[in-house]
Amino acid sequence: MNDVEEMDKVLKGLGLPDDLPEAALADGPRPDRAAVGRIKARTMRLVRTGSTAKAGAPAVGTRAPWFKSPLWWAGTAVVAAGLAALVILGGLGKGVNPPIQPTNHGDKGGKNTPPDSQAQGGQLALSTIRMVDAQNGWAIRYGETSGNLLRTTDGGRTWTDVTPPGGSGDLGFGALLQPLGPAGLWVATGGTAGNGVASSVTIYRTTDGGANWQSTRVTTRYTNGAPVHPVSWSFTPGAGDPMPMTVTRVWLMVSPEHTMNSEPGELLVTSDSGQTWSEVAHDGSNQGDLPFNGTITFLSDKEGWLVGSETTTTADHLYRTADGGLTWNQVDLPVPASVPGGSVNDIGLPSAYGNNQMALPVTFEQTDKGITLGGAYVSTDGGSSWRFAGGLIPEPTLPAFVSKPDSSPSFEGFAAGSSGVYVTTDGGASWKLTASDTLTEALKSGSPVGAPTFVSPDVGWLLLQPRTAGGSAQLLETHDGGQTWSAVPAKLSTK
């Protein structure tokens with residue numbers, strides 16, 4: 001059975017009809033919301049920029065936004081259609097909140113539609129955005145079989161193509177971005193090889209805004225000829241450096257193309273700024289082995305965190321290492337009494353702040369009520385123990401956190417919903433919905449791509465992908481902590 005057939009089999013097992021949008025209007029069996037929600041969560045984990053893994057930085061450890069697997073192409077289109085159906089069904093059910101739809105990058109029939117240099121309505125069709133500060137940032141826009149790496153120095157209004165030579169095809173199949181200051185960037189892309197030859201991923205590096213690039217090929221343990229993709233990575237120095245200007249040690253998680261019933265992975269590390277790489281661990285069945293591939297963040301040379309699941313459709317788990325990734329132990333997250341009968345479903349990366357404070361974004365699934373809620377756990381002892389922060393977001397969305405020095409708590413949180421942006425200023429104890437006229441109008445036609453990207457408690461961006469094929473991508477910005485939003489007229493530079 002190939003990947004596409006496997007996806008079809010799984011979705012039929014969930015009770016999803018073949019023609020979801022039309023079938024949703026007719027009488028029929030409701031889909032298994034819990035299982036569809038898990039697939040949706042995995043889809044969003046692949047495309048979201050992620051929560052802040054270091055104080056003030058937009059996801060120092062992030063997961064690849066795209067894969068070239070046939071399973072992914074088919075799955076994205078079908079899951080997006082299924083979630084559209086759930087939105088309609090949600091409106092018919094009592095107390096059921098409609099989930100945020102995952103981005104489809106303009107998908108039609110399971111294939112990615114190449115974006116024009118200016119998307120419909122004049123907006124540049126961005127798919128991933130990573131901002132460094134109020135002016136400087138990076139983005140990827142995807143085509144059918146390739147992608148372009150873009151850079152901005154004016155807050156997202158003008159973007160210049162700085163794609164590494166020969167890297168366009170790799171970017172179309174998934175890439176990790178890690179800014180190193182305003183002009184520095186690392187990019188990880190996937191690759192393949194013939195049978196008997198180890199597959200590899202490629203690391204591109206620039207220190208001058210993309211004018212010049214260096215590249216390193218990282219060999220993996222996989223020799224069956226299957227494509228290998230970078231899943232996530234994490235850079236040190238640790239939590240005290242929100243946007244590292246130089247690199248000493250980098251951990252990289254890779255995974256071969258695989259079926260939905262497994263999540264194999266290999267963890268690699270470099271200690272010489274990416275010149276050489278060695279294996280730290282790979283997935284296994286013994287106690288302490290790497291349990292699966294997933295999203296990683298390391299707060300020091302020894303302390304690290306892993307989020308992932310054993311299969312595509314099962315709930316996330318949180319693991320911790322105290323020996324640089326050699327061994328891993330699961331961390332228990334007790335479900336709060338305010339979510340009776342619920343379970344932890346999706347988990348984001350933990351964020352570290354001053355005085356041993358940490359924040360962990362999650363979603364809770366209440367299967368009996370057919371709803372998924374967002375929220376957060378917090379720790380005051382560096383992650384040794386976690387408690388539920390107390391506030392619930394009435395939508396299935398993972399929040400992101402940003403450092404707020406000299407305050408208590410020392411961070412704020414933001415989550416993108418279908419009705420606006422939820423903000424917490426009390427460490428997740430409560431969440432307030434903010435929705436300016438511009439944001440409300442934009443959300444009528446666009447779906448958030450993960451959490452907002454904030455570079456300070458005041459300045460942030462929100463990327464929206466069109467809800468329907470042929471729609472326009474939208475980039476919004478805020479300069480008052482999410483209270484008001486304005487459209488950014490993103491254009492591609494012709495220079």
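Any read-out appearing in this document is the output of simple, stated calculations on the displayed coordinates, not a laboratory observation. As the structure is a computational prediction, the values presented were derived from the model and not from experiment. Neighbour counts run over all protein chains shown; Cβ positions are idealised from the backbone, glycine included.
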Provide the packing ranking of 277-285, 370-378, 219-227, 300-308, i.e. peptides ordered by the mean count of other C-beta atoms within 10 Å per residue, highest first.
370-378, 300-308, 219-227, 277-285
Between segment 431-493 and segment 328-405, what's the alpha-carbon centroid distance in Å?
24
Segment 367-495 - percent relative contact order, Cα under 8 Å, separation 6 or more
17
Can you give me the distance in nm between label points at residue 275 and residue 486, each placed 7 Å from the Cα along the Cα-to-Cβ direction?
4.8
Using the Cα gyration tensor of segment 454-495, with a ≥ b ≥ c the square roots of its eigenvalues, what is the shape: rounded (a/c below 1.5), prolate (a/b larger than b/c) or oblate (neither)?
oblate
Computed lengthening from residue 329 to residue 135, 0.36 nm per intervening residue step minus Cα-Cα distance:
65.8 nm
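I need the calculated FRET efficiency for the pair residue 493 and residue 208, taking r as the beta carbon distance and R₀ as 22 Å, to the nearest 0.05. Spell out each step's value before the answer.
Numbers: r = 17 Å, r/R0 = 0.76.
The computed FRET efficiency comes out at 0.85.
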